[in-house]
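Student: Next up is a structure, given as structure tokens.
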Amino acid sequence: MQAEGWVYRIVLALSGITLVLVVVYLYLVQANRSVQAEVNQRQQFINQSIQFNRVNDALIRALAATAVSDKDDKLRDLLAQNGITINPTTGAPSVKAASPPPAAPAAPGK
């Protein structure tokens, strides 16, 4: 009779461990879904940014060509304010390298 008692306890413990593992598995699946959704949103943002960058480049080229052909100083100044210089011979825009922002002063230590 005692042999059946310890077998019953082992089977009961194994079924309890299995139940706990199933609950942990379900939690991990749900956590993975939320992380995957966030990664997908970030990837979509990156893809849209690339598309907008192409449109932005085309718009800058069109503005630069217009500024050169119409000899529009206001448009040329507007582009220069945004870091875009125009080659006067070809009318091709070139973007100046953005200067890094000034470093914030270090916080005093404790």
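Quick note: the coordinates plus some simple rules give every number you see, no bench work behind them. It should be emphasised that the depicted structure is a prediction, and the values quoted were computed from it without experimental measurement. Heads up, the Cβs are rebuilt from the backbone with ideal geometry, glycines too, and the neighbour counts pull from every protein chain shown.
Student: Using a simple spin-label model with points 7 Å from Cα along the Cα→Cβ vector, what separation in nm is obtained for Gln41 and Val23?
Tutor: 2.9
Student: In the stretch 1-81, which trypsin sites (Lys or Arg not before Pro) are in a loop and have at most 12 other Cβ atoms within 10 Å, using DSSP for the loop call?
Tutor: Sparse-neighbourhood loop trypsin sites (Lys or Arg not before Pro): Lys71.
Student: Of all the Cα-Cα pairs you can form in the stretch 2-90, what percent are over 18 Å apart?
Tutor: So the portion of pairs separated by more than 18 Å is 70 percent.
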